[in-house]
Amino acid sequence: MAQGHRPDRVGDQIRETLSEMLSRGAVHDPGIGFLTITRVKVSGDLQIARVFYTTLGDEKARRETARALDRATPFFRRQVGAQLQLRRVPELEFRFDESIANQDRIEQILRDLHDEQERQAKEAREADTARSTPDTPPTSSADDGRAGDDRTVPAHTTHDHRD
């Protein structure tokens, strides 16, 4: 028998309950720092709920948060059981959400590519500008002493031999 959307609905309720508990400070473990629950994936039989979260900080802070969540899991499960009306409360498994970190990495790569393309386009424009305007200014025919380069007739004195 297909479960339909019930696991999704239960997952949303669990996420809301846990988020509310964390935001109002119901958990007094100092290891649980700034934490965001991104999603909750509940198995089709409603026995296991995988809670995905993100946290600020480096790898050490992430490990400390994971240990604190493991210590607080029984408390969370009791609170979820009190809030939700389920025959059996799912086992909670907290997992760090790698998809957010991967998404940030992809966005950084895309920003770097965009910056590189802009830099190359700017260099190409500068090179085009340099080719279209010579380094030395053009000289006029009067300056270099050559007559006739500008298609004018030079002024010659004519000697008429009819004298």
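Taken over the range 10-57, the criterion of being of a type in the set (Lys, Arg) and part of a strand (DSSP E or B) is satisfied by Arg39, Lys41, Arg50. Between Gln103, Gln120, the distinction of being at pLDDT below 85, outside the structural domain of Val51 (by TED's automatic domain parsing) and surrounded by 10 or more Cβ atoms within 10 Å (Cβ to Cβ) belongs to Gln103 only. The one condition from (1) surrounded by 15 or more Cβ atoms within 10 Å (Cβ to Cβ); (2) in contact with a helix residue (DSSP H, G or I) (Cβ under 7 Å, 6 or more places away or on another chain) that Gly44 does not meet is (1).
Only one entry of Arg125, Arg71, Arg88 meets the criterion of being at pLDDT 85 or above and exposed (fewer than 10 other Cβ atoms within 10 Å of the Cβ), and that entry is Arg88. Return a yes/no flag: does the range 76-89 have any residue that is of a type in the set (Phe, Trp, Tyr) and over 30 Å from the mean Cα position of the chain (by Cα). Within the range 76-89, one or more residues are of a type in the set (Phe, Trp, Tyr) and over 30 Å from the mean Cα position of the chain (by Cα).
The values are calculated or read from the model by the stated rules, or taken from the named source; none is laboratory data. Model, not experiment: these values are computed from the prediction. Backbone-built Cβ (ideal geometry, glycine too); neighbour counts: all protein chains shown.
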